[in-house]
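Asker: Structure below; questions to follow.
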């Protein structure tokens, strides 16, 4: 089922949670709504589910407007961050709940319900747990029960609100991959809300980055990661070094920006900010034509597949993070206190309104 | 397993178990056990046949029926309406909510005689409400119905105050989950909310019931106190005391005590069962 969100605005009191948000989701897609807490992603999800009502705008499911339709008519599966399982029901009773509350005419026979529950529990790999109560399960198991429960009613879209948010790193990694495989099997249009950029980039077909009630950028994981449309997206997706106007115009860093501008701001009151990912910075032991920003090595973190180096720029005392391959690190023979010269392999510059700050 | 079959004291890093246990037992004996055993000792001055005669005479039997029956009905009524009041207080924000919330405690705080006189004034045949009920054939004051009204009045806060915190803690997401799964409001209440609420509701009703059984002040004004008709057991005890029939009074007291204890125990077991049924086993 395709989902269309058109110019949706939602306010809680004077606070605008969603500001004119429009979004189209194709049938069978898995979309991640990514953003920091308070960016409105959960509210958008709840509006889609019918748990909240938008103040303005429309929701169309499969081309039909449902803005004012009841939740029960929407055929959505909703998975909550804190599972929201019925704790006085067994796992099997939880999963069959959606079938047991159907009107008598549509309700499957007890045998059919039983079979369906078994199939779903097999799908989430919890057959052995059918008679347990939720408080006898681990967090990851509970969330899988919640997912099976949501799938039991054969929803046309699946909405997941930070489903792995309350789990530890290892479990969430496993579950996220499992969810992706499950989606490839079932092809239910799914929207995953998360504040974890890794989760969004890994699981989703498309990532929608939200910030302060607006959509900042929507695109494939590769697009948003490699070509962030706004400074916010750049910052939110992975580590980044931020060079403000003063350094940006320091021709040593960016030759292409050798423009005659006063440091920090240009005539229109805007300033430029340049973003460089840690792995896009190259170090050289001597000053070259390209590498002219002088910095001192402060820390070296050599554990892991790549070596992370924290530098302090000589001119601005700003911290610069660099990521090198092990080979390059060994070549350079870097040690704490060494002086190096930095040069960006790839960077992106944004013009920002207002004076240079933060 | 330790060799000793009965280990009272679990090893704990926090000191003071012995002291607090000793004090708690001493206090409990002083306040509860000694007066209660006095009741039994006084009653034992009667012979068995005298005892049986006292506690089974028609007037006593009628009073038990009224006392326990009206208390039970009152607890049921409070169970339903008290839950509704608690629900409204927890779930909705409306002007004057905190005043209503405070008013719920009034039956606790009001001297019971004041409550009795007020209810009598309102429900008597020329009272505010009574005058409209009288033509309909409903007499409340000075009938068993009046006893029920008084007992319902004093029992309300017990149910509201036990149910309220549980409703407050109820996870709203669970209800939303039920709704997204297609459950109607009624199905959600029945299958999702009520199972969570039962233990607290039963406790509240048990407390309202226990309080009602012992209620004296508010009832005697509205009941009319006609023997065999609208006389409650506590009043019968008072009557016996006034006639210096102390042993007879304590005999009735023993019956009340044992019956109340059994009923409260039963409700506690029921509550324990309903709260443990769904959790770890």
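Asker: Let's test the formula: R0 of 22 Å, r as the Cβ-Cβ distance of residue A:170 and residue A:37. What FRET efficiency results, to the nearest 0.05?
Answerer: Working from the Cβ atoms, E equals 0.45.
Asker: Now a separate question. Before anything else, pin down the relative contact order of chain A: Cα pairs under 8 Å, at least 6 apart, normalised by residue count, whole percent.
Answerer: Working: 728 pairs, mean separation 57.7, N = 358.
The normalised contact order for chain A reaches 16 percent.
Asker: List the residues of segment B:191-214 whose backbone N lies under 19 Å from a point placed 7 Å from the Cα of residue B:81 along the Cα-to-Cβ direction.
Answerer: B:201-202, B:204-213
Asker: So, one more: How far is it, in nm, from the label point at residue B:37 to the one at residue B:266 when both lie 7 Å from their Cα along the line to the Cβ?
Answerer: Once both label points are built, they end up 2.9 nm from each other.
Asker: Per DSSP helix of 4 or more residues, -39500 (n - 2.57); summed, then divided by the residues of the protein assembly as shown. What does that give at 222 nm, rounded to the nearest 500?
Answerer: -14500 deg cm²/dmol
Asker: I would also like to ask the following. On full extension of the chain, what length is gained from residue A:239 through residue A:73, given 0.36 nm per residue of separation minus the C-alpha to C-alpha distance?
Answerer: Full-extension gain reported as 55.5 nm.
Asker: Top mean-square fluctuation among B:221, B:17, B:261, Gaussian network model of chain B, C-alpha springs under 10 Å?
Answerer: Of the options given, B:17 has the highest mean-square fluctuation.
Asker: What FRET efficiency would be calculated for the residue pair residue A:351, residue B:99, taking the C-beta separation as r and a Förster radius of 60 Å, to the nearest 0.05?
Answerer: 0.55
Asker: Evaluate the distance, in nm, between pseudo-label points positioned 7 Å from the Cα of residue A:316 and of residue A:62 along their respective Cα→Cβ axes.
Answerer: So the label points at residue A:316 and residue A:62 sit 5.4 nm apart.
Asker: Taking a ≥ b ≥ c as the square roots of the Cα gyration tensor eigenvalues, with a/c under 1.5 meaning rounded and otherwise prolate when a/b beats b/c, else oblate, which class fits segment B:145-281?
Answerer: It is prolate, given that a/c is not under 1.5 and a/b is the larger ratio.
Asker: Among B:216, B:132, what is the fewest-to-most ranking by other Cβ atoms within 10 Å?
Answerer: Exposure proxy ranking, most exposed first: B:132, B:216.
Asker: Taking chain A as the reference, fit the longest principal axis to its C-alpha atoms, fit the long axis of helix A:169-186 to the helix C-alpha atoms, and give the angle between the two in degrees, 0 to 90, nearest 10.
Answerer: Helix A:169-186 and the main axis of chain A meet at about 60 degrees.
Asker: Another one. Given a 10 angstrom Cα cut-off, can you work out which residue in B:92, B:64, B:123 is the most mobile in a GNM of chain B?
Answerer: Top of the fluctuation ranking is B:92.
Asker: While we're here: Given a 10 angstrom Cα cut-off, can you work out which residue in B:158, B:72, B:94 is the most mobile in a GNM of chain B?
Answerer: Among B:158, B:72, B:94, the largest mean-square fluctuation in the Gaussian network model of chain B belongs to B:94.
Asker: If the chain between residue A:336 and residue A:106 were fully stretched, how many nm would it gain, using 0.36 nm times the residue separation less the Cα-Cα distance?
Answerer: 75.7 nm
Asker: Output the 0 to 90 degree angle, nearest 10, between the alpha-carbon long axis of helix A:110-123 and the longest principal axis computed from the alpha carbons of chain A.
Answerer: 20 degrees
Coordinate-derived values only; no laboratory data. Quick caveat, the model's predicted, so the values are computed rather than measured. All Cβ positions, even for glycine, are placed from backbone atoms using ideal geometry, and neighbour counts span all protein chains on display.
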